[in-house]
Ligand SMILES: [Zn+2]
C-alpha cells in the first residue's frame, strides 16, 4: 500500500546510504577515495593535468616568446577539469542526498525542468497549488527526489560541456563551439 509511512521509510533509507563526497548522488556507489566513479575520474584528471602543466611550463614560456598568443592547451584542460569538480561539488551542496523540504512550487519546478529537458518546453506550468494539495510533505519530497535524478544524470552526462562553456566565459573570450 502506498502511504506516507512508506515514502518516509524510503527517504530515510536513502539518507543512510553512503554517498559520494562531492556530488552526494545516492544512485552511484562510492568507488574510491570517498568519491563516485564520475567524480573520482575528474579528481584524477585534475592531478594528472596539474603535473603536466608543471612539466610544460618552460616550453610554453619559450613558445610564448615567439608567439604571445600561443594557446595554453594543458592550462585550458586543467581549468575545465577543475570547473567540472566545482560543478559536481556544487550539485552535492545544493541537492544533497534527498530533498529536505519540498513545496508544491518546488515540485512544479522539478517537473518543468524535466519537461524542458525532454521536449524543450514546459508543459507543467501553474500546477503548484494542485501538487501541494495532492501530496503529503513526504510524498512531495519523494517525487522531487525521483525527478531530480533525471536532472542529475543529465548533469553528469553534460558536465564537461558546461565546464567548457563556463571556463570560456570566465576567461572573457568568445564562446567556443562545444560538443
Ligand atoms: Zn560523485
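One residue alone among 51, 24 is touching a helix residue (DSSP H, G or I) at 6+ places or on another chain (Cβ under 8 Å) and either within 16 Å of the ligand (Cβ to nearest atom) or modelled with pLDDT of 90 or more (or both), and that residue is 24. If the condition is being free of Cβ contacts under 8 Å to residues at least 12 places away in the same chain, more than 14 Å from the ligand (Cβ to nearest atom) and either closer than 18 Å to residue 140 by Cβ or exposed (fewer than 13 other Cβ atoms within 10 Å of the Cβ) (or both), then segment 74-125 contributes 109, 115, 118, 119, 120, 121, 123. In segment 27-48, the qualifying residues are those that are in a helix (DSSP H, G or I) and in contact with a helix residue (DSSP H, G or I) (Cβ under 7 Å, 6 or more places away or on another chain), and the one that is nearest to the ligand (Cβ to nearest atom) is 39.
Taken over segment 1-21, the criterion of being surrounded by 18 or more Cβ atoms within 10 Å (Cβ to Cβ) and within 12 Å of the ligand (Cβ to nearest atom) is satisfied by 19, 20.
A residue that is surrounded by 14 or more Cβ atoms within 10 Å (Cβ to Cβ), more than 21 Å from residue 24 (Cα to Cα) and at pLDDT 95 or above cannot be found anywhere in segment 140-163.
The values are calculated or read from the model by the stated rules, or taken from the named source; none is laboratory data. Since the structure is predicted, the reported quantities are computational estimates derived from the model, not experimental observations. Cβ: placed from backbone, ideal geometry, glycine included. Neighbour counts: every protein chain shown.
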